[in-house]
Amino acid sequence: MTQSFPSAARSSAPSTSLWSPLAGRPGRRLCLSVLAACAAGCILPPEAKPLAPAGGKRLADAEVRPLREAAAPTKRHIGFAAQPAQLRDDAFRKVAAAHFDSLTPENQMKWETVEPQPGQFAFQAAEPLLAFAAENHMRVRGHTLVWHSQLAPWVKRLSGEALHAAMLGHIQGVVGHWKGRVAQWDVVNEALADGPSGRLRADSPFTALGPTFIDDAFRAAHQADPDAQLFYNDYEIEGVGTAKSDAAFALVKRLREAGVPVHGVGLQMHVDPRRWPAAERIRANIARFAALGVLVELTEMDVAVGEIAGSIEQKLDRQRTLTHDIVAACLAVDGCSGITFWGLTDRYSWLNSPRWGALRGQLPHYPLPFDADYRAKPMVAGILDALAGR
Ligand code: XIL
């Protein structure tokens, strides 16, 4: 399998865009300051530009059992990532509340947002999401503490002991602030390099601290909230049989053996149908992680259909099957405790932006369970079938 996220493209990612056309609102809103200075919901990233619904089949209302209700007997969480501005939309809130019992702030807990200046924390952007989660009895996944991307610029200028201290201070400040409100943290995100090297990525400033920066990050998070479940999260580590997934396995095994408080592994699961491991490889991978005594969650699932051949019906049908088989792989292993989609409606997906979507080939990708009008796609039937053991 080749790599689908060129690291250069990802690492040069700018901060979330400072303006965007807002759904249903005329004109552009220009935020003149950095993301963190905007009031919550002030901006939507460019990918939030609404997409017209795809053609193809939709489920009849009677077929659409609430996902969270269907998942409850399986003891799996069903989650979605969201941005505060999306909550202004009543239809969004309704679908979110009906179907999901776990919420991940898509961007609002990232370093550039929560600690834009040294020691100056800004937590307000995520608060509407946390309030919505609490109102609707949802678990919150915190995303993410230590990551090379969407990092505050001041951190990139540090090295050595100063960078190490900044990392510990950040973790303590953020995890401490939301102690008891965030059930799981992606403590370290995407530390591993693409390709066969099995090494830490060269374009992260944290790599220069040596591999034990990861140990230190988990220890600091555990100290700040001993009840939080702490995850290592990465992409293209989903299936057995690649150097990167072996490197992730070796990393988590080493951490466990060293007594580091790591409780889970997040497989991002941004499915690229052109090159994706078969569900059996994903199941085997989940099983080997679970055998280390850690939880496994699918943390950012979406299924891009742009490169699937055929009509829109055929694309969405293939999306349904891919989704079904991956959800079933999670259900086949006891330690797989949750499935989070990276959004819930095709109306808002990071893959709608040419920048990110192009990494998965031709747009549009229609990557999420509900269409741009919030109607359930065949993908929802795939999830429901898998949850019911069909
Ligand atoms: C993405 C967001 O969805 C976009 O809004 C943002 O512009 C870039 O980041 N892996 C991750 C997520 O861990 O944080 C990324 O989220 C998608 C890839």
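Here are a few things to note about the model shown:
- Exposure rank, largest accessible area first [Thr207, Thr321, Thr144; 1.4 Å]: Thr321, Thr207, Thr144
- Carbon and sulfur %, accessible surface of the chain computed with the full protein complex present, 1.4 Å: 54 percent
- Dipole check for the chain: with +1 at the C-beta of Lys and Arg, -1 at the C-beta of Asp and Glu, and the Cα centre as origin, the magnitude is about 420 Debye.
- The DSSP beta bridges internal to the chain are antiparallel in roughly 15% of cases.
- Share, in percent, of DSSP beta bridges within segment 236-390 that are antiparallel, nearest 5: 10 percent
- Within a Gaussian network of the chain (alpha carbon springs, distance under 10 Å), most fluctuating of Leu130, Leu59, Leu151: Leu59
- Qualifying trypsin sites (Lys or Arg not before Pro) in segment 275-308, where qualification requires a DSSP coil assignment and no more than 13 other C-beta atoms within 10 Å, comprise Arg275.
- Solvent exposure of the chain as accessible area per residue, Å², 1.4 Å probe: 37 Å²
- Cα centroid separation, segment 110-126 to segment 278-325 (Å): 33 Å
- Within a Gaussian network of the chain (alpha carbon springs, distance under 10 Å), most fluctuating of Leu168, Leu344, Leu158: Leu158
- Among Lys94, Lys315, Lys179: highest mean-square fluctuation, GNM of the chain, C-alpha pairs under 10 Å: Lys94
- Its DSSP H runs of at least 4 residues, each contributing -39,500 (n - 2.57), put the calculated 222 nm mean residue ellipticity of the chain at -10000 deg cm²/dmol, to the nearest 500.
The values are calculated or read from the model by the stated rules, or taken from the named source; none is laboratory data. A quick note: this is a predicted structure, and the numbers were derived from the prediction, not measured. Don't worry about glycine lacking a Cβ; one is built from the backbone with ideal geometry, like all the others, and counts go over all protein chains shown. Only protein heavy atoms, including side chains, enter the accessible area calculation; ligands, DNA and RNA are left aside. Shrake-Rupley method; radii C 1.70, N 1.55, O 1.52, S 1.80 Å.
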